[in-house]
Every structure is written in C-alpha cells, then in structure tokens.
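Notes for the one structure printed next.
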Amino acid sequence: MVSAAKFLPFDLAHNRVAYALSNKREDYGMSEGSLAFNPDFDPDGNEGGVDTNLLPWLPLSGVTAFSIKPLRASMESGMFSIIIRLEQGASLERLLCLSGMDLLVLSGALTYSDSTGETKLEPGVWGYLAANTCIEHLQATEDAELLVNCYGAFALLTADNQVQRLVTSADIRQVALQAGIAMVPNTLAECMAPRKSYEGEGTPLAIAGANSGHLINGVMDATSGDFQHPYFVDCRSVPWVVNPDLPDIGLKVLRVSQETGFISVMVRHNGVAAPHNHLGGADFLVLQGALGVRAGPPEGYGPGTWFYEPAGARHDATQRVSDEDLIYTANIYGPLTFDSGVGTPIVAVVSWVEYVALAEAGGAKLVPNTFSNDASLLAWAPVGS
C-alpha cells in the first residue's frame, strides 16, 4: 500500500514520465503483437476514435436544454462521453450527478450558479463534479459547446427533488443507434469487429477549422485572472510541468484520484511516446496540431478528433505529425507500462503516484475529488425522507 507520505521522489517520477514520453526509437515496426493489440479498425478511419466534426447534433428525449454528439457509452461500467450544445439562453436546472463528471468548455460562455454565488465559465475552463453534486443552475449566455465525460448516470430533478429524467449510458447508446452512429469501441474485442462510418450529414464544432490550443495556452483576461471555484479551474492558469531535459513535453495536471487511480491532464506532446500498454482505458480530444498513431493516415488526426483506448491497448508510437505543437486532453483510467518493444521487459510503470509528484513539484493545485463542505451536495434519499 502506498501512502501519501511515500510518493516517489520527483526526480524518479520525472525520469519515468520522461522516458515514457520522449524515447525516440527508430524501429516502430508493426509486429504480430502490435497488430493483435492494435487492429486496423478502418483503413481510412480513426483507431478507436471519431472525428466529432462529422457528427450531427442530436436531441435527447426528455431533455430540452441541450443536444448531444454521442461518442462512447459503456454498458458495463455505465460511463459515457458526449459533447453537448446549449443554445444561448438555454439552462440546466437541478442536474444531480449520480457519479462523477468532468467537463471542458470548448466554446461560448455559461454562468454556473450555486450557494457560493455565480461563476462565469469561458472556453478553457475545466471542471470536475463529484458524485452527488447537484448543479442548481447552468445557463448559456452564448451558444456553448462542452466536452462531458460522465462516470455514471445523472438525473434531472424537480424543485422538490423528484426525478424528472434519468440519463444513462443506455440512453446515449440508443440515441446513437437510432441515428446510425457506431459508438467508439469499449473493448479490444469490439475493436476487432468492423465499424461502419456515419454516413449522414454532420455539423462541425464551433472550434472546427482552427486549432484550439488557446483553450489552455491563451493569455487570461482580468475576469479569468480572478477566477476561483472549487469545482473548476481555468486551464490557462495551470502551469506546464516541464522537465528541463525534455522541453518538448509538457503536462498540465488537473485531477488525480487516489481512490480510483484516474487522472485528468492536458498534454503538449512534441516528442514520440515509447512503446507502451494501457492497463486501463484512456480518452483524448485533440485541440491543436495533428496526432499520429499506427493505423492512422500520414497527416494524423486534427482538432476535434476524440479517441478512446480500451484497457489492454498497445501502442508502438504516438507522436506529433505537424509543425504545430500537439495539444490534447487526456483522461487516463489506469497505469501505463513502457518497454523497448514487443517481448522486452517493462522499464517503467506510470500511475497516479507519479502524476501527484509531478503536480506537487510543478506547483499545480489539483481540483478536489470530493467536496465535503459544499452545500450543493445533495443527500438524496429516493425512498422515504
């Protein structure tokens, strides 16, 4: 058991991550092992991913505040990932997170109101809401689009705490199936199966056609500089953690869960990742530049491409394939193991422990995992009370 007092020293943690992100091997051939772990899902498509700009905005039955682009829905864990769009003036009232939820404002502007007051959410604001958090009021002051990862269902409540609508991963999957959208695979077995591309008409994201690194790299204005809220962080204010020996790799560590081992980071990735295995799943959204992966096109995948890597996935090379900085979001749901090639010994294991050490050394204040003193937490009793 690893206690908080026994985190690896920063130098060791940094060395492990440094190796993982920067090992520039020349031999990235497609071995049998690599092919087994990384099937070609679609010769001209995304390896475990989807270009969200090609998807339509779809209504969600019983929900009038927003429309969605469905990305992934797990029938095993209940997790799902969507992009939501609120038109100007639309508002969410009393949304109860039955499990955790993280979100990133991609475009537009919103106001978030709770017992502490009113907070303006602008592009580049990232947030985590723990289980049992109730969003009292979220209103779009401009047309707004958000990337949302739900760790389980959420409920829309009436003023007297009655469930008006329960939204689960099954609902998201049903919306996708009815629209003819093949969801991103959840497992390696699903990855082996053919996946038909969506053939309907899509609507690009508001950020489409231009790189969106400004969401986390831009200069904060006066309003953003004063931004403080326990649930949210302005990504522009989070420092890049950079190893002086590896100036082409940067991390913004946003959240680390010592309970689940889940981490949320922003990555500036201008090196080549060494061969590695995902012991847990991971999802990514490209914001700037082009991400090159095996089985993908030579030009890589640009802004708006969302990926999910299932547990057990292996990659021999992940790298930048454009002249611009490669910047993407990342939720990593388990450790990564690194080696020098198929059949070689593991040389590094990178888990939540290393990311905590990196954040502490870089002076990054992590978004809390629980909010025990927050009055908006709803002790909800469905029976009695």
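The values are calculated or read from the model by the stated rules, or taken from the named source; none is laboratory data. None of these values were measured; they are calculated from a predicted model. Cβ placement follows ideal geometry from the backbone for every residue including glycine, while neighbour counts extend to all protein chains displayed.
Of the residues Ser99, Ser77, Ser81, only one is under 16 Å from the mean Cα position of the chain (by Cα), hydroxyl-bearing (Ser, Thr, Tyr) and under 16 Å from Tyr308 (Cβ atoms); which? After applying the criteria, what remains is Ser81. Name the residues in segment 315-370 that are under 16 Å from His276 (Cβ atoms), under 19 Å from the mean Cα position of the chain (by Cα) and surrounded by fewer than 20 Cβ atoms within 10 Å (Cβ to Cβ), would you? Gln319, Ala330, Gly334, Pro335, listed by residue number.
For segment 183-197, which positions are of a type in the set (A, V, I, L, M, F, W, C) and either in a loop (DSSP other than H, G, I, E, B) or out of contact with any helix residue (DSSP H, G or I) (no Cβ under 8 Å at 6 or more places or on another chain) (or both)?
Within segment 183-197, Met183, Val184, Ala189, Cys191, Met192, Ala193 qualify.
Just one of (1) modelled with pLDDT of 95 or more; (2) within 23 Å of Pro310 (Cα to Cα); (3) not in a loop (DSSP other than H, G, I, E, B) fails for Ala20. It is (1). If the condition is being modelled with pLDDT under 95, exposed (fewer than 14 other Cβ atoms within 10 Å of the Cβ) and either within 16 Å of Ala144 (Cα to Cα) or touching a strand residue (DSSP E or B) at 6+ places or on another chain (Cβ under 6 Å) (or both), then segment 56-80 contributes Gly62, Thr64.
Residues of segment 136-145 that are crowded, with 21+ Cβ neighbours inside 10 Å and touching a Lys or Arg at 6+ places or on another chain (Cβ under 8 Å): Ala144, Glu145.
Taking (1) over 26 Å from Asn186 (Cβ atoms); (2) modelled with pLDDT of 95 or more; (3) in contact with a Gly (Cβ under 8 Å, 6 or more places away or on another chain) in turn, Tyr151 satisfies each apart from (1).
What about Leu366, is it out of contact with any His (no Cβ under 6 Å at 6 or more places or on another chain), in contact (Cβ under 8 Å) with a residue 40 or more places away in the chain and either outside any loop (DSSP other than H, G, I, E, B) or within 20 Å of Asn270 (Cα to Cα) (or both)? When the stated conditions are applied, Leu366 does not pass them.
Per the conditions (1) modelled with pLDDT of 90 or more; (2) touching a Gly at 6+ places or on another chain (Cβ under 8 Å); (3) assigned to a strand (DSSP E or B), the sole criterion not satisfied by Gly292 is (1).
Residues in segment 97-117 that are out of contact with any Leu (no Cβ under 8 Å at 6 or more places or on another chain) and part of a strand (DSSP E or B): Asp114, Gly117. Only one of the numbered conditions (1) at pLDDT 95 or above; (2) in a strand (DSSP E or B) is not met by Ala170, and that is (2).
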